[in-house]
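The values are calculated or read from the model by the stated rules, or taken from the named source; none is laboratory data. For clarity, every value in this text was computed on a predicted model and none was experimentally measured. Every residue, glycine among them, receives a Cβ derived from its backbone with ideal geometry; neighbour counts consider all protein chains shown.
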Amino acid sequence: MVSDGVQLVVDAVVRERLGSDHIVSVSTDRDDDDFADDDTLWVTIVVENELPDSDFSGEIELVRHLRPRLDQVGEKGFPVISFMSRSEAEEAAEAA
């Protein structure tokens, strides 16, 4: 679980960099027990099923923009970002 402040930062940066038009949700979870004992933030971005032609070039720079903003709220975890469609998210929720 991450703090509300961390979630707000992640959500804001994702929407600033990628735009909000096709983002359904942004969730952030913590993994304190990765193989190298490093804190990891798992960021999952759920997007609409049908995306317009977009190269999402901003996704490459997300980590570069997230790190300083996370540092401002005292978060040292490294963000690992993944994308899934709304239908994939719904299927995962049904399977859980």
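Brief remarks follow.
- Which numbered condition residue 51 fails, given (1) modelled with pLDDT of 90 or more; (2) assigned to a loop (DSSP other than H, G, I, E, B): (1)
- Within the stretch 63-76, residues that are of a type in the set (D, E, K, R) have Cβ atoms under 6 Å from residues that are surrounded by fewer than 16 Cβ atoms within 10 Å (Cβ to Cβ) in these pairs: 76/39, counting only partners at least 6 apart in sequence or on another chain.
- Restricted to the stretch 13-28, and to residues there that are under 17 Å from residue 77 (Cα atoms) and part of a helix (DSSP H, G or I), the residue that is nearest to the chain's Cα centre (by Cα) is 14.
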